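Structure first, commentary second.
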Amino acid sequence: MAKQLLAREVILRDERSSCKRSVMFSGSNHCLEIPKAYIRPPAERPKLNEVASLDNISVLDLAHLNGPNRPLLIDRIRSACRQDGFFQVINHGVSEEVINRLLEVAKEFFTMPIEKREKFYSEDPSSVIRLSTSFNVEKEEVYNWREFLRHHCYPLEKYVDTWPLDPPAYREAVGKYCTEVRALALRLLAAISESLGLEPDFLEKALGQQAQHMAINYYPRCPNPELTFGLPAHSDPNALTILLQGDVSGLQVFKNGQWCTVHPARNAFVVNIGDQLQVLSNGIYKSAIHRALVNAAEARISVPTFYCPSPDALIAPVPSLVTSDNPAQYRKFTYEEYYQMFWSKNLEGNTCLNFFTVDSTNVSPPTEDDNL
Ligand code: OGA
Ligand code: NI
């Protein structure tokens with residue numbers, strides 16, 4: 001069976017001579033031994049015995065956004081964003097039916113024969129839709145145990161025609177999901193603005209004509225989960241991420257010096273602050289470092305929605321959050337500049353925020369074989 005996977009690896013390499021090391025998984029394949037290309041050096045492995053056993057990620061009830069307890073909820077959002085940059089939400093307004101339909105088509109997409117989806121394969125991060133694997137096949141030394149489809153979602157009418165026609169329910173199910181998640185993102189942005197002492201629409205305006213991207217991550221079963229990652233430690237380069245975990249756990253967040261598992265909670269989303277909100281809040285809010293593990297028992301699907309500034313939005317610490325106690329930590333840049341830097345790097349560096357601090361103007365631009 002391992003042979004099946006490796007055979008597919010070779011075929012794709014031949015078909016696309018320009019892409020040196022593409023490895024795609026076929027949903028029906030299951031290999032018995034992990035190929036070398038995925039094995040991390042011992043120091044970089046997940047070290048599963050060091051993961052905290054307690055799951056103490058805040059679960060916030062968004063029903064309170066519309067009631068007398070709103071100020072209390074805003075306080076809890078502030079604490080979660082300051083301490084962890086990570087929380088879960090329930091009563092978020094996205095219907096269970098829409099979520100279930102989305103998970104169904106996501107699973108169908110990744111379990112149909114690879115021939116039906118490989119036409120979306122691309123290694124160009126600026127592509128409006130792309131199927132890929134690992135994280136950054138051009139840059140990285142070791143692959144990740146992941147295949148993903150990533151595409152733009154907003155404005156819906158602009159992008160829906162680029163989405164898969166197979167499975168046939170994809171466009172409708174994903175379209176509904178994106179629309180409902182966008183409404184949630186805007187409510188969260190308003191609450192986060194308020195929690196920073198800003199007008200509710202401040203962050204929405206600061207992000208310009210915001211974009212919304214979505215990924216479906218598919219992590220196949222893996223015979224040796226302690227040797228590899230689905231996704232190694234990183235922070236998200238966008239403003240805010242709203243992640244749907246299916247019912248298989250694998251997500252971990254770095255909290256108080258330890259990795260903590262974020263167990264999937266029924267009808268909950270995981271929300272995390274991305275790099276752009278860390279900059280806008282002048283470092284008061286944390287863009288959380290997180291990672292995804294794989295497991296031997298079953299494949300895992302997760303669906304992050306990335307809420308992003310428009311490429312030309314100017315990102316800088318909000319003036320009212322720059323004080324003598326907390327001077328400006330970041331310089332001004334466009335999101336486009338940031339995003340290019342992010343993709344020109346290897347994810348192993350966790351984050352590229354350090355290239356945008358006030359004293360980083362002399363950092364030279366990335367070169368071909370640069371590593372963070
Ligand atoms: C991501 C991510 C986590 C997960 O796609 O950026 O962090 O649980 N995913 O899949
Ligand atoms: Ni992430």
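Probing with 1.4 Å while keeping every protein chain in the model, the per residue accessible area of the chain equals 43 Å². Test of understanding: extend the Cα→C-beta vector of H263 to 7 Å, then name every residue of segment 44-61 with backbone N under 14 Å from that spot. Counting only backbone N, you get 52-59. The residues K139, K255, sorted by heavy-atom accessible surface at 1.4 Å with ligands and nucleic acids left out, run K139, K255 from largest to smallest. Distance between the modelled labels on A183 and E138, one decimal in nanometres: 3.9 nm (7 Å Cα→Cβ projection). Simple spin-label estimate for N49 and E172 gives 5.3 nm between the two label positions (7 Å along the Cα-to-Cβ direction from each Cα).
Between T162 and L72, what's the calculated FRET efficiency when r is the beta-carbon distance and R0 is 41 Å? Round to 0.05. So the FRET efficiency works out to roughly 0.45. Maximal additional length on extending the A296-Q83 stretch stands at 73.4 nm, based on 0.36 nm per residue less the C-alpha distance. Here the label points at D247 and S310, each 7 Å from Cα along the C-beta direction, are separated by 4.2 nm in the simple model. Across segment 135-179, the residues whose backbone nitrogen lies under 17 Å from the label position 7 Å along the beta-carbon direction of K36 are 141-144. Rounded, prolate or oblate, given the Cα gyration tensor of segment 126-198, with a/c below 1.5 counting as rounded? Here segment 126-198 falls in the oblate category. For a quick check, take a GNM of the chain with Cα springs below 10 Å and name the residue from F87, F342, F333 with the largest mean-square fluctuation. Among F87, F342, F333, the largest GNM mean-square fluctuation belongs to F333.
Per-residue SASA remark: E123, around 50 Å² accessible (1.4 Å probe; ligands, DNA and RNA not included). Name the residue, out of P223, P168, P304, whose mean-square fluctuation peaks in a Gaussian network model built on the chain with Cα pairs under 10 Å. Highest fluctuation of the listed residues: P168.
Starting from the Cα gyration tensor of segment 166-306, take the square roots of the eigenvalues, sort them a ≥ b ≥ c, and report rounded, prolate or oblate (rounded when a/c is under 1.5, otherwise prolate if a/b is larger than b/c, else oblate). The shape class here is oblate. Of the complete DSSP H runs in the chain, those spanning 24 angstrom or more by Cα along the long axis with a mean Kyte-Doolittle score not below 0.0 are 170-195. Roughly how many percent of the accessible protein surface of the chain is carbon and sulfur, given a 1.4 Å probe and a whole-percent answer? That fraction is 52 percent.
The values are calculated or read from the model by the stated rules, or taken from the named source; none is laboratory data. Just so we're clear, the structure is a prediction, and the values are computed from it rather than from any experiment. Using ideal geometry, Cβ is built from the backbone for each residue, glycine included, and neighbour counts are taken over all protein chains shown. Accessible surface is based on the protein model in full, side chains and every heavy atom, while ligands, DNA and RNA are left aside. Shrake-Rupley method; radii C 1.70, N 1.55, O 1.52, S 1.80 Å.
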